[in-house]
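Participant: One structure, as structure tokens, below. Some questions next.
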Amino acid sequence: MKKTAIILSILSVLIFSRNSSAQTRGVGAGIIVGGPTGISAKFWISNINALDIAIGWSNGTRWERFDKNVYYYDSQSYLHINADYVWHNFDFIRTTQRLPLYYGVGLDYESGYALPTAVGVRGVIGIDWMPYNVPLDVFLEMAPVLYVAPATAMGVDASLGARFFFH
């Protein structure tokens, strides 16, 4: 009985110490809501760098300008894919929680019913809550987009999401 309690104690310490930094390595997958709404994945490259990818759709009405005199009104859903290379600053916000500020650059692709296929460059900034002992993160981000094709235009993506991390 005593031997079982010692083994369970050791296993508990190993499991909880492993999960305490689970969000800074491996792969996370989850949902994202906003622009876009869909699935999100995070692939850690180092302890501060990661590749963030989102695939989903965007809904609602909006005007887009893709030419000097041509405006597109979109009230339909459209496919939205973005991939960002991000850096995490764990020291920017001083708190007992892990709440890194992250920033980066990436690519944006959109295609839909009334909207011509658009490709752009994103700059992303966000905040990520990484609770201790839980392989989960919750994030809020904003990304201005400079569309470069089919014509030059500006846009802004804003999203809230959560991911579970696997090892």
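Participant: Would you mind stating whether Val86 is buried (at least 22 other Cβ atoms within 10 Å of the Cβ), closer than 18 Å to Ala29 by Cβ and among the hydrophobic types (A, V, I, L, M, F, W, C)? I'd like the intermediate steps shown before the answer.
Facilitator: On the way: buried (at least 22 other Cβ atoms within 10 Å of the Cβ): yes; closer than 18 Å to Ala29 by Cβ: yes; among the hydrophobic types (A, V, I, L, M, F, W, C): yes.
Judged against the criteria, Val86 is a match.
Participant: Of Leu140, Leu136, Leu160, which residue is closer than 20 Å to Ile31 by Cβ and free of Cβ contacts under 8 Å to residues at least 24 places away in the same chain?
Facilitator: One residue alone meets the criteria, Leu140.
Participant: Now, a different point. Of all residues in region 90-113, count the ones that are touching a residue at least 24 places away in the same chain (Cβ under 8 Å), assigned to a strand (DSSP E or B) and more than 15 Å from Val138 (Cα to Cα).
Facilitator: Matching residues across region 90-113 total 8.
Participant: Scan region 114-128 for residues that are crowded, with 16+ Cβ neighbours inside 10 Å and assigned to a strand (DSSP E or B) and report the count.
Facilitator: So the answer is 6.
Participant: Then there is this: Can you tell which of Ala158, Ala143 is loosely packed, with under 14 Cβ neighbours inside 10 Å and at pLDDT 90 or above?
Facilitator: Numbers: Ala143 fails: loosely packed, with under 14 Cβ neighbours inside 10 Å.
Matching residue, one of Ala158, Ala143: Ala158.
Participant: Scan region 111-147 for residues that are farther than 15 Å from Val86 by Cβ and of a type in the set (Val, Ile, Thr) and jot them down.
Facilitator: The answer is Thr117, Val119, Val134, Val138, Val145.
Participant: So, one more: How about region 129-167: which of its residues are under 17 Å from the mean Cα position of the chain (by Cα) and either outside any strand (DSSP E or B) or aromatic (Phe, Trp, Tyr) (or both)? Spell out how you get there, then give the answer.
Facilitator: Looking only at region 129-167, we keep the residues that are under 17 Å from the mean Cα position of the chain (by Cα), and these are 129-131, 135-145, 156-166.
Selection gives Trp129, Pro131, Pro135, Phe139, Phe164, Phe165, Phe166.
Participant: Please enumerate the residues belonging to region 110-119 that are within 14 Å of Ala153 (Cβ to Cβ) and either at pLDDT 90 or above or of a type in the set (A, V, I, L, M, F, W, C) (or both). I'd like the intermediate steps shown before the answer.
Facilitator: First, pick out the residues of region 110-119 that are within 14 Å of Ala153 (Cβ to Cβ): 110, 115-119.
Leu115, Ala118, Val119, listed by residue number.
The values are calculated or read from the model by the stated rules, or taken from the named source; none is laboratory data. Note that this is a predicted model, so its numbers are computed, not measured. Here the Cβ is made from the backbone with ideal geometry for all residues, glycine too, and neighbour counts use every protein chain on show.
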